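Contents: one structure, followed by commentary.
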Amino acid sequence: MAQDSAQAPTTAPATPARALLPLILPALVVGVVSSLLFVGVSVGAEQLQGVLWQNLPDALGIGRYSVLWIFVMLIATGIAVGLVVWKVPGHAGPDPATMGLNAPALPPVVLPGLLLAAALMLAGGPSLGPENPIIATNVGLAVWLGRRFLPRLPGPLWMALAEAATLGALFGTPVGAALVISEALAGQRIKGLLWDNLFAPLAAAAAGALTTDLLHHATFDLHLPPIGRPDAGDVLAAIVIASVGALLGMCAVHAFPYLHRAFQRLRHPMLMLPVGGAVLGALGALGGPLTLFKGLDQVAELARDPEGWSAGQFATMTVVKLAAMTVAATCGFRGGRIFPSVFVGTALGLCAHALVPAVPPAVGVAAGVLGMLLAVTRQGWVSLFTAAVLVASPVILALLCIASLPAWLLVTGRPQMQLRTDGTPIR
């Protein structure tokens, strides 16, 4: 009997419903508020972008996306964000090169400056997305308000709710948030069943996603031509493109600490950010208007006409956008790296289609985004989910799972595109 009991499988005790029910209302509130903040910042930045890149150059009689205006706007954005980092209380948060999706709970005094710096960056043209600053702001707000009004709930729960809610709002679906949270929980010794731990974050993510869908109507689906039954050529193409994307992303990862160190030698944000803006202006002039901004609208423009550019043009946009993202993230602009990585992977996939027309655009785009995101984020679920959502085809999932294996072997155990406070890369 003792031997039988020793060999019996152990199961984690399930959390009773009475313990989960009180979490629903806080989760829904965090989800709605997180989405409202994301939508507010996004809409505000879009309106400011229209003024800066359309109304103002039209009034001055300057071409909207002329080389001159690209330089003027990116340097001016560097000056504006530099002033926020220098003068606003909290200095717009920690060095963005040290920040990932798992944000610490920043004190409330930091959050207004962080949001302002992110909004200016989104409107001004640097190649970063809103995800990191929005997640950090929502996490900080949730922890601060949660401790004041519901102190009996633990701080880590508020952080998980805010992160899941923001991811749901960003992607327009709670599935991505559930995958990210489950990946984070896999590295921890959690109590209870996985779905018990996902219950409240999933509710927050669903509330965030629904609120964004109602207010903002954003979609990741690129409406590329659908693919039929995959054959051996599609499998080979997905493997090669994802691996090339991972290798290209790792080039940026290895350059990341060196660029960061070079900008840090300037020592002051009013030097680092304007100089970074000038470098971004040169890259924008080289790559063209499509390589500016966070990249999501520009990805949709590429996907509307996959045949509209040559392989050389796609290759140029791929390299320029990757370089611009790396420069923007190392010189001090507040932003995330997922959205521009999606553009880089899309341009890479369409370059493969232009070189080898037998490669379906959907396969090229999904595989390119998968490989790039694996290198940049080092999060498998985020990479798979984002690549699959862009194509929205059940057939693509099997190809992506196969293509992720060699791509993951190329990136795992190597430096990440995130630094410690001493400037050394995290592994």
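Since every read-out is calculated from the coordinates, none of them should be taken as a lab result. It should be emphasised that the depicted structure is a prediction, and the values quoted were computed from it without experimental measurement. Please note: Cβ atoms are built from the backbone with ideal geometry, for glycine as well, and neighbour counts cover all protein chains shown.
General observations
- Computing Rg and the Kirkwood Rh from the Cα coordinates of region 232-411 gives a ratio, Rg/Rh, of 0.99.
- Exposure proxy ranking for S182, S127, based on other Cβ atoms within 10 angstrom of each Cβ and starting from the fewest, stands as S182, S127.
- D231-N102 pseudo-label distance in nm [points 7 Å out on the Cα-to-Cβ vector]: 4.5 nm
- Distance cut-off 36 Å, percentage of C-alpha pairs in the chain lying past it: 25 percent
- The packing ranking, built from the mean of other Cβ atoms within 10 Å per residue, places the peptides 255-265, 337-347, 116-126 in the order 337-347, 116-126, 255-265, highest first.
- Backbone amide hydrogens, once placed in the peptide plane, bring G129 within less than 5 Å of G336, R337, I338, F339, excluding anything fewer than 5 places away on its chain.
- Segments 417-425, 363-371 sorted - mean Cβ within 10 Å per residue, highest first: 363-371, 417-425
- Normalised alpha carbon radius of gyration of region 198-326 [divisor 2.2 N^0.38 Å]: 1.38
- Residue order, fewest to most beta carbons within 10 Å, for M325, M270, M250: M270, M250, M325
- Projected-area average for region 23-215 over all orientations - Cα convex hull basis, square nanometres: 11.8 nm²
- Computing FRET efficiency as 1/(1 + (r/R0)^6) for R265 and V51, where r is the C-beta to C-beta distance and R0 is 30 Å, gives about 0.30.
- Magnitude of the charge dipole, the chain, Cβ model with Lys/Arg +1 and Asp/Glu -1, debye to 20: 1220 debye
- Prolate/oblate/rounded call for region 5-128, Cα gyration tensor, a/c under 1.5 rounded: prolate
- All-pairs alpha carbon distance profile, region 56-150, 5 Å steps from 0, percent: 2, 13, 20, 20, 15, 11, 8, 6, 3, 1, 1, 0
- Per-residue Cβ neighbour counts within 10 Å put M73, M272 in the sequence M272, M73, beginning with the fewest.
- Listed peptides 36-42, 222-228 appear in the order 36-42, 222-228 once ranked by packing, highest mean of other Cβ atoms within 10 Å at the front.
- Furthest towards positive pole of dipole, S182, Q54, Y65, structure part region 23-215, Cβ charges: S182
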